[in-house]
Amino acid sequence: VAKDLAIELTALQQRGLRLVSEGRKHYFALHGKMGHLVTAERIDREQLCESVQRCVLRCEVVKDDE
């Protein structure tokens with residue numbers, strides 16, 4: 001994520017970079033030292049999307065401007 005947004009790793013927290021997702025659970029997180037998007041917890045597709053053929057988890061990366 002840091003590389004895709006052309007942000008230095010040290011600036012991740014300074015710029016207020018955060019993930020926003022739908023629902024109560026946060027399935028993704030930003031790895032602070034590497035700037036990678038990682039899974040924050042186990043994702044069980046059968047439980048999440050049992051009645052849906054196409055399963056999509058959406059999240060947005062939000063950056064506060066300085």
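The values are calculated or read from the model by the stated rules, or taken from the named source; none is laboratory data. No experiment lies behind these values; they were computed from the predicted model shown. With ideal geometry, Cβ positions are generated from the backbone for all residues, glycine too; neighbour counts draw on all protein chains shown. In case anyone asks, the SASA skips ligands and DNA or RNA and just uses the protein heavy atoms, side chains included. Shrake-Rupley method; radii C 1.70, N 1.55, O 1.52, S 1.80 Å.
See the values below:
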| quantity | calculated |
| --- | --- |
| Residues of segment 1-41 that turn out to be over 20 Å from Cys55 (Cβ atoms) and among the small types (Gly, Ala, Ser), as a count | 6 |
| Tally of residues being of a type outside the set (Val, Ile, Thr) and either in contact with a helix residue (DSSP H, G or I) (Cβ under 8 Å, 6 or more places away or on another chain) or not in a loop (DSSP other than H, G, I, E, B) (or both) across segment 18-35 | 8 |
| The lone exception for Ala2 - which of (1) of a type in the set (A, V, I, L, M); (2) open to solvent by 50 Å² or more (accessible area, probe 1.4 Å); (3) touching a helix residue (DSSP H, G or I) at 6+ places or on another chain (Cβ under 8 Å) it fails | (2) |
| Enumeration of residues in segment 41-54 that are open to solvent by less than 100 Å² (accessible area, probe 1.4 Å) and either touching a residue at least 12 places away in the same chain (Cβ under 8 Å) or over 24 Å from His31 (Cβ atoms) (or both) | Glu41, Ile43, Cys49, Val52 |
| Residue in segment 2-12 that is at pLDDT below 80 and not in a loop (DSSP other than H, G, I, E, B) present | yes |
| Criterion: over 16 Å from Ala2 (Cβ atoms) and outside any loop (DSSP other than H, G, I, E, B) - qualifying residue of Glu46, Glu50 | Glu46 |
| Residue under evaluation Arg58, criteria (1) free of Cβ contacts under 8 Å to residues at least 60 places away in the same chain; (2) open to solvent by less than 90 Å² (accessible area, probe 1.4 Å), criterion not met | (2) |
| Val38 being β-branched (Val, Ile, Thr), in a strand (DSSP E or B) and open to solvent by less than 70 Å² (accessible area, probe 1.4 Å) | yes |
| Subset tally (residues that are open to solvent by less than 100 Å² (accessible area, probe 1.4 Å) and of a type outside the set (Ser, Thr, Tyr)) for segment 13-33 | 11 |
